[in-house]
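The values are calculated or read from the model by the stated rules, or taken from the named source; none is laboratory data. These numbers come from a predicted model, not from an experiment. Here the Cβ is made from the backbone with ideal geometry for all residues, glycine too, and neighbour counts use every protein chain on show. The accessibility values were calculated without ligands, DNA or RNA, using every heavy atom of the protein model including side chains. Shrake-Rupley method; radii C 1.70, N 1.55, O 1.52, S 1.80 Å.
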Amino acid sequence: MPNLEHPAYPAADLLHLESLVPCRESQVSMLLSIFGERQQFSFPSIFIYGHTSSGKTYVMQTLLTTLQLPHVFVNCVEYFTSRLLLEEILMQLRSCSSDTEQPSPVHCDTLNDFVRLFKQAVASRELQDQTLYIVLDRAEQLREMEANILPAFLRLQELTDRNVTVVLLSEIVWELFRPNVGCFEPFTMYFPDYSIGHLQKILSQNHPPEYSADFYAAYINILLGVFYMVCRDLKELRHLAALNFAKYCEPVVRGEANERDTRKLWKNIEPHLKKAMQTVYLREISSSQWERLQHDGGEPGQLKGLSAHTHVELPYYSKFLLIAAYLASYNPVRTDKRFFLKHHGKIRKTNFMKKHEKTSNHLLGPKPFPLDRLLAILYSIVDNRVAPTANIFSQVS
Amino acid sequence: CEGIKNLMQKLMGQLMNCDIDVDSLEDEDYVPVSQNRIRCSMSSLISWYDSVTKKTDSETPSKKRNSSSRHWQSPPVVVIFKDMESFTTKVLQDFIVISSQHIHELPLVLVFGIATSPMIIHRLLPHSVSSLLCIELFQSLSCKEHLSTIIDKLLLTSRFPFKLGGKVLQVLINIFLYHDFSVQNFIKGFQLCIVEHFYSQPLSVLCCQPVDVKKRVYSLSHDQCENIRRLPSFRRYVEKQESEKQIELLTNDSFLKEETEKLLEDLHAYHENYVSILRCLHVFTSSLPKYPLGKQIRELHCACLENRVWETEDYESSLQLARMLNKTDLVTMLQQCVEILMSSSGKEFDKTVEKLKEFLTQFQNLEEASQERDVSVSSQKEVQKKTDLYHLQKTLLELKESRRSKKLTKFEMLRFEVVDYIDSLVRKYLVPADDRTLHEILYFNAATVLRGHLNAAPRTALHTALNNPHWYLKNQALKCDGGGISNKAPDICIVYKLHLECGRLINLVDWLEAFSTVVMAAEEPNADAASSDQVDDIIHARFIRAVSELELLGFIKPSKQKTDHVARLTWGGC
């Protein structure tokens with residue numbers, strides 16, 4: 001039963017669209033109603049925000065390509081200066097209209113030029129009065145560019161007097177975007193995170209054809225059960241699912257169990273998933289190493305992850321300098337005489353010390369100390385004589 | 001690269017410039033554009049990459065593979081980031097995000113150089129970015145291994161005639177181990193040694209390859225022959241000869257030249273043999289427990305250079321341990337020695353090799369012959385029978401006696417022989433270089449000079465400069481005995497010496513008085529009052545200038561505790 005209905009677009013397309021964007025029907029229908037019919041002017045700027053992997057980029061792209069609406073898609077991280085961004089938009093426009101010839105390099109520095117060239121480009125295209133959509137992904141980079149870029153894009157329809165809508169995609173809320181001098185407020189739309197049911201539905205969709213959908217759904221269920229607590233990112237989960245599926249299928253492949261023996265499959269895969277959580281998810285080892293491990297079936301104990309290499313070897317004097325600095329920063333000055341000289345007297349505890357005996361110096365943090373004290377402590381803790389050479393001083397710096 | 005723009009510019013500059021040089025001749029359409037006009041964006045990089053790979057791949061038909069395959073159809077572009085920690089994190093993150101979007105069109109492999117620990121990746125890159133990377137770790141060799149390789153290739157080889165003496169090598173290695181694990185500094189120190197040696201030793205002209213020695217020796221002048229005669233090792237050599245030969249050596253230049261040539265050839269031969277036997281000894285001592293002679297060959301080399309190694313205690317203990325080695329270890333060591341000796345170029349070692357091979361065959365024969373049962377084994381069984389205390393004591397005493405006079409098994413005798421033979425080789429060949437004649441030509445021994453250059457002591461230098469200005473200014477007039485302050489010295493020296501006598505806080509007025517007394521001591525005592533005011537002003541000005549120079553150098557600082565006082569910051573000599 002198609003949920004998306006719109007008189008302007010053919011029903012077959014809409015059905016296809018619906019199959020591509022599960023769990024986002026409400027957002028897509030909202031977008032469709034804003035877009036209206038092809039030639040109708042829509043809202044000048046739309047701002048879509050949501051967490052990572054909540055499907056913003058994917059939904060926009062699928063929507064625009066499936067319904068074949070003319071659009072320009074630009075990632076603001078890649079085109080990091082305003083000039084690059086504007087030129088890229090113009091070049092994409094030109095290349096869409098004339099597919100055969102090579103797009104000549106266009107020179108556009110300011111928004112003034114952009115508006116003018118934009119009008120020319122749109123005029124040369126046969127748009128049949130369709131709305132042109134300019135989609136700017138990772139729009140938070142626009143804030144770092146010149147101050148007039150963002151307000152101009154929000155008002156582009158008015159500035160160019162053409163049928164164009166600018167869609168901004170970002171992970172940050174609109175309140176942080178608003179410039180100080182005010183601007184045209186776009187239509188904000190929120191893409192909520194996927195719930196666990198949604199995740200299950202989406203992940204079960206792309207199952208390999210050799211196995212039945214139920215089998216894969218059970219696998220996804222197990223996977224989500226283990227990983228949902230730590231990770232809700234769809235991309236991560238998809239990656240993990242792809243990596244571990246081969247291991248899950250092993251008992252079936254070897255003939256030990258058939259597709260319905262859930263307990264056996266669970267026992268097989270559970271330690272594996274736990275290990276994956278510690279290694280691959282934390283990026284200790286790379287996924288290619290993980291796959292190699294699975295093939296060999298060897299003991300993963302030999303594989304040293306990134307965190308095993310934290311030990312750094314230091315030269316002799318450097319070690320002692322570090323120790324001396326630690327002592328100098330945590331020991332109060334009074335105790336130096338007692339620790340570092342051979343013949344020291346007793347230290348009488350004053351009232352102050354009795355009150356503050358329990359406070360460990362570690363809680364108060366390190367204290368600053370003069371350089372001479374550091375060197376004096378160093379000379380006393382190193383066994384043999386240390387010559388005060390430039391090498392030691394350069395180690396200090 | 002302060003920003004992503006610079007990064008992209010540098011990247012494109014380096015990648016495309018290599019290409020422009022190659023292809024500009026063939027391809028007329030490829031217009032070599034200047035840096036400014038190329039848009040530094042990913043799309044131009046991708047189009048460049050396509051153009052390059054299409055040229056090389058035009059003959060081979062590209063097969064279609066499914067997208068999940070991990071093999072690149074065309075060679076990847078490798079970008080090396082030297083010293084990753086000094087990049088701003090934003091630049092790295094942006095670059096990774098950009099390149100991961102175009103990974104299908106432009107296969108990139110990024111190599112990060114990390115100086116601290118691999119966890120820095122997690123600190124520099126947030127999870128969203130590091131999840132785009134497939135990270136594999138590889139480690140280069142540790143710096144100590146690099147050092148051993150360098151020493152091996154430079155010193156323990158007969159390709160280069162220049163060698164380092166024991167103390168000098170120890171200084172360089174100490175700087176490496178104690179201060180910084182820097183191989184670059186070691187190399188610089190080594191270069192400094194070479195420069196010093198060739199600069200200060202006039203006979204270093206003879207330090208050359210053996211083929212050139214003859215020619216150079218015969219072209220020595222009379223002065224240089226005198227230099228040779230003055231070398232201490234040569235004097236020792238001359239004293240050992242008979243009197244006629246002594247006279248000949250000391251007077252006749254051509255005879256001296258012949259002798260020198262022979263001695264230098266001997267020295268070269270000595271060094272070749274030395275290296276081979278050193279490696280054999282290292283094979284034996286490197287696997288002993290507690291490494292009495294050091295684990296690495298450079299430690300053994302230092303020990304041999306400094307004194308006669310067979311007289312040291314470490315050597316004794318290592319021989320004793322060697323006498324307790326088991327058979328398989330011994331056999332492997334002998335085989336390794338045979339290989340080393342056979343690969344050395346001299347013919348000296350043919351006999352040695354034969355002897356070692358004889359030992360090996362004897363070891364093998366031991367295996368085939370039946371082992372003699374120890375007499376003690378049977379007596380062990382007697383002890384285990386039930387006895388009372390007195391009988392037990394008696395049997396144990398008997399056992400001890402029998403064990404002392406027990407005949408050694410064949411294996412043990414063979415082991416003793418092998419160890420003794422190695423010992424004889426060591427005594428013959430591992431003579432320290434200082435005992436050889438004419439070693440000063442090839443060996444550089446001035447360790448103090450080296451230490452002065454490499455391990456500078458700035459505070460000591462400052463103190464010397466200020467205390468004894470004649471050391472650096474080389475003005476004999478400034479030379480004064482310790483304690484006295486010459487009034488011809490520069491102002492800052494006078495002020496410095498005066499301040500050394502004071503305590504923690506120095507009164508400026510007293511200091512000025514003392515300074516003017518010292519400076520005016522040279523003037524006539526009967527200066528009239530009018531000029532004394534002017535002179536006072538000048539002296540005052542000089543004093544102020546000297547005090548501010550001292551403050552700049554860090555010896556004093558203005559104190560808040562008392563007005564008109566300065567606090568002294570350093571004590572002692574440095």
**Prompt:** Can you pull out the residues in the stretch B:113-129 that are in contact with a Leu (Cβ under 9 Å, 6 or more places away or on another chain) and closer than 26 Å to B:Ser43 by Cβ?
**Reply:** B:Leu125, B:Val129
**Request:** Report yes if B:Ser182 is under 25 Å from B:Met84 (Cα atoms) and not assigned by the TED database to the domain that holds B:Glu299, otherwise no.
**Result:** no
**Message:** Name the residue that is farthest from the chain's Cα centre (by Cα), counting only residues in the stretch A:324-361 that are at pLDDT 70 or above and more than 26 Å from B:Arg459 (Cβ to Cβ).
**Reply:** A:Arg338
**Request:** Test A:Leu203 against the stated conditions and say whether it is touching a helix residue (DSSP H, G or I) at 6+ places or on another chain (Cβ under 6 Å) and not β-branched (Val, Ile, Thr).
**Result:** yes
**Asked** Exactly one of (1) part of a helix (DSSP H, G or I); (2) at pLDDT below 80; (3) open to solvent by 80 Å² or more (accessible area, probe 1.4 Å) is unmet by A:Glu210. Its number?
**Response** (1)
**Request:** Return a yes/no flag: does the stretch A:304-314 have any residue that is outside any loop (DSSP other than H, G, I, E, B), open to solvent by less than 50 Å² (accessible area, probe 1.4 Å) and at pLDDT 75 or above.
**Result:** no
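Does A:Arg162 count as farther than 30 Å from A:Arg260 by Cα and either open to solvent by 60 Å² or more (accessible area, probe 1.4 Å) or assigned to a helix (DSSP H, G or I) (or both)?
Values: farther than 30 Å from A:Arg260 by Cα: yes; either open to solvent by 60 Å² or more (accessible area, probe 1.4 Å) or assigned to a helix (DSSP H, G or I) (or both): yes.
For A:Arg162, the condition - farther than 30 Å from A:Arg260 by Cα and either open to solvent by 60 Å² or more (accessible area, probe 1.4 Å) or assigned to a helix (DSSP H, G or I) (or both) - is met.
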**Prompt:** closer than 21 Å to A:Tyr79 by Cα and open to solvent by less than 40 Å² (accessible area, probe 1.4 Å): does that describe B:Leu124?
**Reply:** no
**Asked** Does B:Leu172 fit the bill of being in contact with a helix residue (DSSP H, G or I) (Cβ under 9 Å, 6 or more places away or on another chain), closer than 23 Å to B:Val309 by Cβ and open to solvent by less than 40 Å² (accessible area, probe 1.4 Å)?
**Response** yes
**Request:** Test A:Pro2 against the criterion of being open to solvent by 20 Å² or more (accessible area, probe 1.4 Å) and modelled with pLDDT of 80 or more, and give yes or no.
**Result:** no
**Request:** Can you confirm whether the stretch B:45-59 contains a residue that is at pLDDT 75 or above, touching a Cys at 6+ places or on another chain (Cβ under 8 Å) and either away from every other protein chain (no Cβ under 14 Å) or open to solvent by 50 Å² or more (accessible area, probe 1.4 Å) (or both)?
**Result:** no
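I'd like to check which helices (runs of 4 or more DSSP H) are fully inside the stretch B:223-312 and have at least 3 residues that are open to solvent by 40 Å² or more (accessible area, probe 1.4 Å).
Working: elements: B:232-240, B:243-251, B:253-285, B:297-306.
Answer list for the stretch B:223-312: B:232-240, B:243-251, B:253-285.
Per-residue answers, yes or no, for (1) within 16 Å of B:Val426 (Cα to Cα); (2) at pLDDT below 75; (3) basic (Lys, Arg):
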residue	(1), (2), (3)
B:His282	yes, no, no
B:Cys304	yes, no, no
B:Val309	yes, no, no
B:Asp314	yes, no, no
B:Leu321	no, no, no
B:Leu325	no, no, no
B:Leu360	no, no, no
B:Gln380	no, yes, no
**Message:** Which numbered condition in (1) of a type in the set (A, V, I, L, M); (2) in a helix (DSSP H, G or I); (3) surrounded by 15 or more Cβ atoms within 10 Å (Cβ to Cβ) is the only one that A:Ala246 fails?
**Reply:** (3)
**Asked** For the subset of the stretch B:182-222 comprising residues that are over 17 Å from B:Leu169 (Cβ atoms) and among the aliphatic types (A, V, I, L, M), which member is surrounded by the fewest Cβ atoms within 10 Å (Cβ to Cβ)?
**Response** B:Val211
**Complete:** Residue hits (the stretch B:129-145; under 14 Å from B:Leu92 (Cβ atoms) and either assigned to a loop (DSSP other than H, G, I, E, B) or charged (D, E, K, R) (or both)) are B:Leu132, B:Leu133, B:Ile135
**Item:** For B:Lys153: the one exception among (1) open to solvent by 40 Å² or more (accessible area, probe 1.4 Å); (2) more than 11 Å from chain A (Cβ to nearest Cβ); (3) in a loop (DSSP other than H, G, I, E, B)
**Value:** (3)
**Request:** Please state which of the following conditions A:Glu185 fails to meet, knowing it meets all the rest: (1) open to solvent by 10 Å² or more (accessible area, probe 1.4 Å); (2) modelled with pLDDT of 85 or more; (3) under 21 Å from B:Ser131 (Cα atoms).
**Result:** (3)
**Fill in**
Inside the stretch A:172-181, the number of residues satisfying the requirement of being under 20 Å from A:His51 (Cβ atoms) and open to solvent by less than 90 Å² (accessible area, probe 1.4 Å) is 4
**Request:** State whether the residues of the stretch A:261-271 include one that is at pLDDT 65 or above and either touching a Phe, Trp or Tyr at 6+ places or on another chain (Cβ under 6 Å) or in the same structural domain as A:Arg373 (by the TED database) (or both).
**Result:** yes
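When you scan the stretch B:158-174, do you find a residue that is touching a residue at least 60 places away in the same chain (Cβ under 8 Å), at the interface with chain A (Cβ under 8 Å from one of its Cβ atoms) and touching a Gly at 6+ places or on another chain (Cβ under 8 Å), even just one? Steps first, please.
Of all residues in the stretch B:158-174, those touching a residue at least 60 places away in the same chain (Cβ under 8 Å) come to B:158, B:161-173.
If we keep only those that are at the interface with chain A (Cβ under 8 Å from one of its Cβ atoms) too, we end up with none.
Looking through the stretch B:158-174, none of the residues is touching a residue at least 60 places away in the same chain (Cβ under 8 Å), at the interface with chain A (Cβ under 8 Å from one of its Cβ atoms) and touching a Gly at 6+ places or on another chain (Cβ under 8 Å).
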**the stretch B:427-477 - residue that is of a type in the set (D, E, K, R) and within 14 Å of chain A (Cβ to nearest Cβ) and, of those, nearest to B:Ile173 (Cα to Cα)** = B:Arg451
**Item:** Residues (free of Cβ contacts under 8 Å to residues at least 60 places away in the same chain and open to solvent by 40 Å² or more (accessible area, probe 1.4 Å)) located in the stretch B:313-325
**Value:** B:Glu313, B:Asp314, B:Glu316, B:Ser317, B:Gln320, B:Leu321, B:Met324
